[in-house]
1. Tell me the Rg and the Dmax, in Å, that the Cα atoms of the range 91-160 produce.
2. If you average the alpha carbon positions of the range 182-215 and of the range 82-106, how far apart do those two centres end up, in angstrom?
3. Heavy atoms of the protein only, probe of 1.4 Å, neighbouring chains included. What is the accessible area of Leu19 in Å², nearest 10?
4. Given H placed 1.01 Å from N in the peptide plane, which residues other than close sequence neighbours of Ala54 have an amide H under 5 Å from its amide H?
5. Just to check I understand the Karplus step: with θ = phi - 60° and J = 6.51 cos²θ - 1.76 cosθ + 1.60, what whole-Hz values come out for the range 30-45, glycine and proline as x?
6. Between the range 49-69 and the range 115-129, what's the alpha-carbon centroid distance in Å?
7. Which percent of the accessible area of the range 16-82 is formed by carbon and sulfur heavy atoms (probe 1.4 angstrom)?
8. Determine the percent antiparallel among the DSSP beta bridges restricted to the range 93-215, to the nearest 5.
Amino acid sequence: MERGAGQQVAGLPELPPPLALASLADPAAIWDAGRLTAEAARSVGINWIYAPVADLDLESENPIVQTRSFGADPAAVGRSVAQWISGAHAGGALACAKHFPGHGRTRHDSHDRTPSVAASTLELEATDEVPFRSAIAAGVDAIMTCHVGFPALDPSGAPATRSAPILARLRDRLGFSGLIVSDALNMEGFAGGLGFERAAVAAVRAGVDILLYPP
């Protein structure tokens, strides 16, 4: 429901994508988008929204983030993410920031393969993680992982969804104590040759609390 509850439920309000909302430079509009999405979702019995996107729009060849992101500036995106979460809470729904530790640098779609991001730990801390820190400060209820490898954070190259070091970082360094949920498990980037069953067990062992959309 990144573009409003009508993105998933016919007849409910649809909204512009996050990048368009951010272009208004009006925090109140983003807050209202979160509130309206939550209220509309609640009207049909949905109380947990898998939004907002906290990824940065950093790679022009990225096939999956683009207008789903609030932009490229870490601080500005962090403020937008926090506003959206606050609005969703005012509308009575839970929110979920995604896709930790960031899908904005990839050149491949994790629906098709497991992308890898070569950025250093310092670079990730200074940019990609900033909106997630803002989401946590805003009281976000859940954070969704991405099926992307980050060798600087986990030399094994395992996607974040199956990476104990990356998820431990979310808990210990970022101080997140809410629910960690996976991106959809039917995406090709998740299993990485392990097979779905073994990969699902690995995700739980790594620290994922809830597995979404198994094949």
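The values are calculated or read from the model by the stated rules, or taken from the named source; none is laboratory data. Model, not experiment: these values are computed from the prediction. Cβ atoms come from the backbone with ideal geometry, glycine included; neighbour counts cover every protein chain shown. Keep in mind that these areas ignore ligands, DNA and RNA; they rest on the heavy atoms of the full protein, side chains included. Shrake-Rupley method; radii C 1.70, N 1.55, O 1.52, S 1.80 Å.
1. Both quantities, over Cα of the range 91-160: 12.8, 41 Å.
2. Answer, in whole Å: 21.
3. The value for Leu19 is about 60 Å².
4. Lys98, His99
5. Karplus values, whole Hz, x for Gly and Pro: 5, 4, 5, 4, x, 5, 4, 4, 5, 5, 5, 4, 4, 5, 10, x.
6. Taking the Cα centre of each part, the range 49-69 and the range 115-129 sit 15 Å apart.
7. On the way: 1640 of 2920 Å².
Roughly 56 percent, rounded to a whole number.
8. Here the antiparallel bridges make up roughly 10 percent for the range 93-215.
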